[in-house]
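The values are calculated or read from the model by the stated rules, or taken from the named source; none is laboratory data. Note that this is a predicted model, so its numbers are computed, not measured. Reconstructed Cβ throughout: ideal geometry from the backbone, glycine too, with neighbour counts over all protein chains shown. Keep in mind that these areas ignore ligands, DNA and RNA; they rest on the heavy atoms of the full protein, side chains included. Shrake-Rupley method; radii C 1.70, N 1.55, O 1.52, S 1.80 Å.
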Amino acid sequence: MKIKCGLALLASLVLVSGCSQKISSSRAAADSAPAPVAQEHKLGTAWGEEVYSKVTTVDAKRMHSSPDSVAKVFYSAEPSSNGQYTNEIVLSSVRMRVQTENNRDFALNRYKNGEFSFSANDGERYQLFFYNTSPNKTYEVVTAVDGLDVISGRSGSLRNSGYLVAPKGTLVIEGFRKSDSSVAAFRFAKPDDSYAASSLAGEKENVGVIGVAVYEMALPGLPDCQPQAFPGDSKYAPAPCKKP
């Protein structure tokens, strides 16, 4: 499976060490599922301005065919009426936050059915922040916004490839991927102005929801040993390899 892997200190998929943000614990769960949103308060996500974001593609394998954890997050312009909230979502060893472009966390309502919701403003830019708490496990993060995969723009699916987040690493998804070097920023918008409304794969009825699934990745094996014409002439110790 081909997986997108980001370079350190670059936007969108960022594996950054030494993150200073404090990860706080969740409060009590709300008592009900998210309520239906009035039409005038519905929001989608627009295809925003170009943001530099360098990634590379690597081969990686999932440990299991089913995700370790899945989250569904609803958003709208409707004011939040539930006082019980959290600022992070626990996805196995990965912690997720929805943030403004200035790294301010949105307050997330958490419900007993495992779903989340938050209130946003039309035109506001946002990003998805992930932190891998595991010291030795790598995770793949598969994400769909308004029913569209954030990498390919196709219909969201658990079979799609995602981004990798390294042990103790962080990941920031800032938009829909346009190329290996840029994304179109996420911006809240009216449903008619959303990317889903003008995308070949998009459906307006899917606006207002973010889906995330995480998979633990298998540890890479050693490469096969290659024949060496003059193995004794190397000045340095060779890297380990798998012997036939």
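Some notes on this structure:
- Conditions (1) of a type in the set (Gly, Ala, Ser); (2) open to solvent by less than 90 Å² (accessible area, probe 1.4 Å); (3) in a loop (DSSP other than H, G, I, E, B); number of the one not met by Ala237: (2)
- Subset of segment 112-143 that is out of contact with any Phe, Trp or Tyr (no Cβ under 9 Å at 6 or more places or on another chain) and small (Gly, Ala, Ser) - its residue that is surrounded by the fewest Cβ atoms within 10 Å (Cβ to Cβ): Gly114
- Exactly one residue out of Phe186, Phe130 is in contact with a Ser or Thr (Cβ under 7 Å, 6 or more places away or on another chain) and within 24 Å of Met217 (Cα to Cα): that is Phe130.
- Residues in segment 144-189 that are surrounded by fewer than 24 Cβ atoms within 10 Å (Cβ to Cβ), farther than 30 Å from His41 by Cβ and in contact with an Asp or Glu (Cβ under 9 Å, 6 or more places away or on another chain): Ser161, Leu164, Ser182.
- Enumerated strands (runs of 3 or more DSSP E) restricted to segment 85-199, each holding at least 2 residues that are of a type outside the set (Gly, Ala, Ser) and under 16 Å from the mean Cα position of the chain (by Cα): 89-91, 94-100, 125-132, 139-145, 163-165, 170-173, 175-179, 182-189
- Test for Asn102: is it open to solvent by less than 40 Å² (accessible area, probe 1.4 Å), out of contact with any Cys (no Cβ under 8 Å at 6 or more places or on another chain), at pLDDT 95 or above and of a type in the set (S, T, N, Q): no
- Test result for Gly202, assigned to a loop (DSSP other than H, G, I, E, B), in contact (Cβ under 8 Å) with a residue 24 or more places away in the chain and surrounded by 10 or more Cβ atoms within 10 Å (Cβ to Cβ): yes
Condition check ((1) surrounded by 19 or more Cβ atoms within 10 Å (Cβ to Cβ); (2) under 23 Å from Val70 (Cβ atoms); (3) not polar (S, T, N, Q)) across all residues:
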residue	(1), (2), (3)
Tyr195	yes, yes, yes
Ser198	no, no, no
Val209	yes, yes, yes
Val212	yes, yes, yes
Leu222	no, no, yes
Pro227	no, no, yes
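- Among (1) closer than 16 Å to Gln99 by Cα; (2) open to solvent by 80 Å² or more (accessible area, probe 1.4 Å) - the single one Gln39 does not satisfy: (1)
- Answer residue from segment 50-84, given it is loosely packed, with under 12 Cβ neighbours inside 10 Å, over 28 Å from Leu222 (Cβ atoms) and not small (Gly, Ala, Ser) and is modelled with the highest pLDDT among those: Tyr52
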